[in-house]
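A short write-up of the structure that comes next.
The values are calculated or read from the model by the stated rules, or taken from the named source; none is laboratory data. Because the structure is predicted, anything quoted here is derived from the model rather than measured. Positions of Cβ are generated from backbone atoms using ideal geometry, with glycine treated the same way; all protein chains shown enter the neighbour counts.
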Amino acid sequence: MSESDDTAAAPTAGPGMRPDDWRLAVWRSFLRTHSQLVRQLEHQLQQHGKIALGSYDVLVQLAEAPGYRLRMSELAEAVLLSRSGLTRLVDRLQRDGLVQREPDPDDARGMYTVLTAKGRDILRDASHVHLAGVSALVLDQLSDAELHQLRTLMLRLDPAGSLDASVTAD
């Protein structure tokens, strides 16, 4: 690689890292657990006739933002969707009247996505099912000490410092 090449070298496995390393099994278990929890939460929302989990995530991010609004780039940073997936989802939410788009008065090229009153009502309605699911599937399964330990570990693994500020509150 030349000095002018900006491409970073691919990371390599640590010394002695093998596919059967027990630590990789922990990683795979983490991924499987996350996937199963997301599927269960999605199923619970669907079973009760509520919005999809991806829509819920977008509406929560907007509900927690100042003025119930975020630029699309900020929303993309906050949710777990690709930018193209987010654009399609926001289009659907707008068609359903849950969000609206407004121009950024300070940047003619920028647009805000804004949570509507209907969106807040739909979010409030779905939150009962979602929060009950989070409690049953995660919070009720761990002690307070284990939850504090999990919080500490998640903060350590968040290199961008992007975890919700409320995670650090006691």
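Descriptive notes on the structure:
- Boolean, Ala136 is aliphatic (A, V, I, L, M) and not in a helix (DSSP H, G or I): no
For (1) aromatic (Phe, Trp, Tyr); (2) farther than 15 Å from Gly54 by Cα; (3) under 14 Å from the mean Cα position of the chain (by Cα); (4) surrounded by 10 or more Cβ atoms within 10 Å (Cβ to Cβ), each residue gets a yes or a no:
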residue: Ala78; (1), (2), (3), (4): no, no, yes, yes
residue: Val114; (1), (2), (3), (4): no, yes, no, yes
residue: Gly119; (1), (2), (3), (4): no, no, no, yes
residue: Ala136; (1), (2), (3), (4): no, yes, no, yes
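- Condition check for Leu62: in contact with a helix residue (DSSP H, G or I) (Cβ under 7 Å, 6 or more places away or on another chain), closer than 30 Å to Arg109 by Cβ and surrounded by 15 or more Cβ atoms within 10 Å (Cβ to Cβ): yes
- Condition check for Val26: of a type in the set (Val, Ile, Thr), surrounded by 11 or more Cβ atoms within 10 Å (Cβ to Cβ), outside any strand (DSSP E or B) and out of contact with any Leu (no Cβ under 6 Å at 6 or more places or on another chain): no
- Residue identified as at positive phi and either out of contact with any Ser or Thr (no Cβ under 6 Å at 6 or more places or on another chain) or in a helix (DSSP H, G or I) (or both) among Gly67, Gly54: Gly67
- Of the residues making up region 43-50, at least one is out of contact with any Ser or Thr (no Cβ under 6 Å at 6 or more places or on another chain), surrounded by 14 or more Cβ atoms within 10 Å (Cβ to Cβ) and either among the aliphatic types (A, V, I, L, M) or free of Cβ contacts under 8 Å to residues at least 40 places away in the same chain (or both).
- Where a residue in region 151-170 is assigned to a helix (DSSP H, G or I) and its partner, wherever it lies, is of a type in the set (Asp, Glu) and at pLDDT 55 or above, with Cβ under 9 Å and at least six apart: Val167/Asp158
- Residue ID - surrounded by the fewest Cβ atoms within 10 Å (Cβ to Cβ), chosen from residues in region 92-112 that are outside any strand (DSSP E or B) and at pLDDT 95 or above: Arg95
- Contacts under 6 angstrom Cβ, first residue in region 66-80 being farther than 16 Å from Ala160 by Cα, partner among the charged types (D, E, K, R), 6 or more apart: none
- Counted residues, region 13-66 - those being among the hydroxyl-bearing types (Ser, Thr, Tyr) and under 14 Å from the mean Cα position of the chain (by Cα): 3
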